[in-house]
Amino acid sequence: MLISLVGAFNIIMRYKTVGIGKSGRIMFILFLLTGLYSLAPTGSRAEERSGAQATSDTRGGASTAGKTGLKLRNKALLAQRSATSSSADSSTKIKQNNSANPGSDAKFAYPSCSNKMHSYFRRRYYLTFFSPIYSCLFLLALLQLGLMAKLRNKFSKFNSYALQVFGTTSAFYFIAYMIKFPLIFYSGFLLEKEFSLSQQNLASWALDEAKHFLLGFLLVPLITVGFLLVRKYRIGWHLPVWALLSVMTAFLVFVEPLVVDPLFNHFTPLADSPLKRNIEALCLNAGIDSPTILVADKSKQTKKINAYVAGFSGSKRIILYDTLLKDLPDDQILAVLAHELGHYVFKHVVFGTIMAIAGLYPLMLLCEIVSNRLSRLRALPRAWGIKGNSDPAFIAVWCLAIWSTSLFISPIESYISRYMETQADSYSLEETKNPMAVARLFYTLSQVNLTDPDPPAFFEFWFYSHPSLKHRIDHALQFARQAPNIQKGGQ
């Protein structure tokens, strides 16, 4: 979940009862100013970025923040196809450009950034930075105007506390979605269409978005159970709530590739071909016993190229976009596959799930300590009309608290994710022994998917789940220099 800057900022500045002192307020101010500086469109920053490479793509559509099971769904920035390539001959041009790239790392041409690409990533940065601000302003407005209390009162006629929570949370979810829908529509459809990334018409996009909405609504019963636990266990409720969230997290990671993903795409086994046999040989050499490799029909939704690993145990699989198979030469497809095999071998999905579950415990403990104290001291602003942390209207406060806490842990999550991606890159280099194909792969990603050739340091540190492509290309070229006898060029 993306951090929500202004929500925490306003609470700290206006309602100091939450227990964060002067140093905490200063940190939020510095965070806001640093983010604004990184967005400043100065000429020197644009010139510095013009010769570097674009950021890496994350899983499209539902990344939602990414969309491994953790939804650290993080997710990462979308990008656009080069403005100079037409859709009719884009695949041919990409392969020609890759063939033309020099095999020598000394002559390797880093990807450049066109004006349209610069325009696209600039808008993406603004959306990334200001969307959570918009969300938290909305939450604060609901609370400060007493609308959450009025919403709760609408459902107080139910004798059942569970029904009161379910009704209040359902209405809150619907209102929150409708308030955010303009941003969702612009970011997910209009912007992608403007830059010729989307393959969907309005009806197709709306259908997918309706599915996302209904899937999100399935969390309402889970939230209802959480409120019941908070009400029953006034002290120590963080333990049963943490256990509930842990089980649901592991369950969702397992079932996502089996149940959720097929709602949006059709998955087929990789067809028999010389490429498949090369992939099987790669798996055999790596000592991996027949991993499940499927192709998703993402071309009906996007022009981006990507791949990902999902699930664990019986649901573990490697997914390749059909656009990737269409647009990339075989050596780069093998580089992608080897990268995903790295995630497979190092069990990154399992590791990430365990890390998420472990991270939930201190978060729930902190929520209990702070919310119980606020309830006991009646420290919440009177205008909010909220009686305590078991009040169904407290759902809006929970959202603010969790998003605000995410401000502090987002760099940690991003660092861990970048570390795992670097591990997978190293695995790909070791197994393919073709660093120039890996470097050319990142070059292609920058031209087809991605935007900023050299992201602002603040954004990379705080938001990026992958290293910037410049760092990844440098990694491949360094590998080539340190292993002079391996393959450095050619297709």
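FYI, it's all coordinate maths here, none of it is from the lab. Computed from a predicted structure; not experimentally measured. Backbone-built Cβ (ideal geometry, glycine too); neighbour counts: all protein chains shown.
Laid out as a table, the results:
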| read-out | value |
| --- | --- |
| Whole-number Å³ per residue for the convex hull built on Cα positions in segment 152-275 | 168 Å³ |
| For His266, residues with placed amide H under 5 Å, excluding near neighbours | Asp297 |
| Computed E for Gln478/Lys180 - FRET, C-beta separation, R0 41 angstrom, nearest 0.05 | 0.45 |
| Partners for Lys150 among aspartates and glutamates (Cα-Cα distance below 14 Å; same-chain residues under 8 apart left out) | Asp391 |
| Computed lengthening from Ala457 to Leu215, 0.36 nm per intervening residue step minus Cα-Cα distance | 83.7 nm |
| Additional length obtainable on full extension of the chain from Leu244 to Gln423, 0.36 nm per residue less Cα span | 61.3 nm |
| For segment 176-188, 3J(HN,Hα) per residue [Karplus equation, 6.51 cos²θ - 1.76 cosθ + 1.60, θ = phi - 60°, Hz, x = Gly/Pro] | 4, 5, 5, 5, 8, 4, x, 5, 4, 5, 5, 5, x |
| Other-chain or far-sequence residues with amide H under 5 Å of Tyr110's (modelled H) | none |
| Full-extension gain in nm, Ser273 to Ser119, via 0.36 nm per residue minus C-alpha separation | 51.5 nm |
| Long-range HN-HN contacts of Phe158 with modeled amide H, under 5 Å | none |
| Environment charge at Leu244 (Cβ cut-off 15 Å; Lys +1, Arg +1, Asp -1, Glu -1) | +1 |
| Peptides ranked, highest mean first, by Cβ atoms within 10 Å: ranges 350-363, 282-295, 131-144 | 131-144, 350-363, 282-295 |
| Cross-link table Lys193/Lys300; Lys193/Lys298; Lys326/Lys470; Lys303/Lys326; Lys211/Lys300, entries beyond 22 Å C-alpha to C-alpha | Lys326/Lys470 |
| Inter-centroid distance (Cα atoms) of segment 274-326 relative to segment 350-380, Å | 37 Å |
| Separation of the Val350 and Phe408 label points, Cα + 7 Å toward Cβ, nm | 3.2 nm |
| Segment 326-448: equivalent-ellipsoid semi-axes (sqrt of 5 x gyration tensor eigenvalues, Cα, Å) | 46, 15, 10 |
| Karplus (6.51, -1.76, 1.60) ³J(HN,Hα), θ = phi - 60°, over segment 269-282, in Hz, Gly and Pro reported as x | x, 4, 5, 5, 6, x, 4, 4, 5, 5, 5, 4, 5, 4 |
| Segment 255-357 shape via C-alpha gyration tensor axes, a/c threshold 1.5 | oblate |
